[in-house]
Amino acid sequence: MKKVILTSIIASVVLAGSSLPASAQSDLNLGTSASAVTQKNIKNESSSDNEENTVRGELLSYKKVSQLTTKQILKLNPAKDIRSLLSYDVSLYSITYKSIYNGEPVVLSGLVTIPKGKKKPSYLQYHHGTMLPIPMTGGEGSNDAPSLFHGQPAQLTADFGETRMMILTLASKGYVVSAPDYAGYNVSKNLDHPYNVASELAESSVDMLRATKELTRKLQIKTDNKVFLAGWSEGGGAALATHKLIEQKHVKEFNLIATSPLAGPYDSTSMILESANVEGDIGENAAIYNWTLYSLIKFGNIDRPHDEVWKYEVNSSLDALMTPSNKVSEIIQESFLENVINGKDGEVLAAIKGNDLIQGWTPKAKIMFHSGKHDDIVPHYNTLNAYNTFKERGADVTLYEYEGNHYTPDLKYLTRTIKDFGVLSRK
């Protein structure tokens, strides 16, 4: 998750002219057709194993945007020692595909990276962490959407840190990596991103997997059909949510082997309710927690006048991020907080609890949880709660704990994930 600094957001709004950029969209050669393509024919409900999955997840367009050697990948990551993790050159494809957004048809985008020369690679879907809905100096903004990466080095407002390190390395290790942008980025940039809304992220991710499979068929790339999931921060939650959706509704469609998430928000009830009870300053997390609340209300289709929830005007994701203070009591109406905490606002409380990824199921495929013990963005208890709960239910789970914070375990996480997935992929 982006550690939000209000002055940085303001500076980025000024720099970007407060609008979301088209960036590299023209390179996709889509014009207006991608967003208009027969969306009325997209199924609004999640397809089950007994239905034909030929509409949602349909690949609409693809274009090879780059080809990188292992030396080029290494050069793109000067601050990380990934040399020993690189094996294959990689081809990059920017794609668009059909999915749903709050129950309605939508066209989304993503990046697919393919290792050159690897015989029968497995699929691996990587879910990126928080990207703010505007370009951000230093990265982690809308310009960092995976599908906008064409092999360029870090730039002022497009760092592509996760794409350069995580996605390229995993692909170079021999996986067909499927990297969804999520709704709200690149071709769907006009939409509010469903921030930390597990069901929305999972549905679009499953459709991205379908589109990725279709791309490999078109390119005549034979795979072993195994599927692995990974992700960091918001992406850690998205990975676990996708794992859950596959096992509950698409177990025959996808051969899911394992998931390896880093620092994901799995226990949203504890995160939101505990922060709501804090009287003092909760720091820069106030903005991203508020964005989560905004998204849960919007995508839960909960009818609440915004002045009943907030003490300032909130009509979009960016508004939710532009909090007037780091104190919950100066952001949220006291009456709203009291009703949620005391269980009187059952609708909002149900949306918060329904977003949990811990309750209501027991994973079947293996999960390797990763977390920094001193994470001050996504508290370490999120991972501990998920691991302990699943362990008690008899699930096949492993826990990797690191001494660092939200960011410092990145290379250890990547290295460990590659090793663990490699063992499982060879079985």
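Placing a label point 7 Å from the Cα of HIS374 along the Cα-to-Cβ line, the residues of the range 399-427 whose backbone N sits under 14 Å from it are 402-409.
Scanning residues 5 or more positions from TRP310 or on other chains, those with amide H under 5 Å from its amide H are GLN333, with H placed 1.01 Å from N in the peptide plane.
An ellipsoid equivalent to the chain, defined through the eigenvalues of its Cα gyration tensor, has semi-axes of 31, 24, 22 Å when rounded to whole angstrom and sorted largest first. In the range 367-427, what GluC sites (Glu not before Pro) fall in a loop by DSSP, with at most 12 other Cβ atoms inside 10 Å? Sparse-neighbourhood loop GluC sites (Glu not before Pro): GLU403.
With the helix formula -39500 (n - 2.57) applied to DSSP H stretches of n ≥ 4, the chain reaches a computed 222 nm mean residue ellipticity of -10000 deg cm²/dmol. Beta-bridge orientation, the chain: approximately 55 percent antiparallel, per DSSP, counting only bridges with both partners inside. In the elastic network of the chain, a GNM with C-alpha springs shorter than 10 Å, the most mobile of GLY184, GLY57, GLY346 is GLY346. Computed about the Cα centre, the dipole magnitude for the chain is approximately 2620 debye when only Lys and Arg (+1) and Asp and Glu (-1) carry charge, each at its Cβ.
The residue among ASN277, TYR123, ALA351 whose Cα reaches farthest toward the positive pole of the charge dipole of the chain, with charges on the beta-carbon of Lys, Arg, Asp and Glu, is TYR123. Note on ASN277 and LYS63: their simple-model spin labels are 5.2 nm apart, each label 7 Å out from Cα toward Cβ. Across the range 354-427, C-alpha contacts under 8 Å between residues 6 or more apart give a mean separation that, scaled by the residue count, equals a relative contact order of 36 percent. Relative contact order, whole percent, for the chain stands at 15, derived from Cα pairs under 8 Å and 6 or more residues apart. In plain terms, the chain from ASP303 to LYS75 could stretch by 77.1 nm, reckoned as 0.36 nm per residue minus the Cα-Cα distance.
Coordinate-derived values only; no laboratory data. Treat the numbers as computed from the prediction; the structure is a model and nothing was measured. Heads up, the Cβs are rebuilt from the backbone with ideal geometry, glycines too, and the neighbour counts pull from every protein chain shown.
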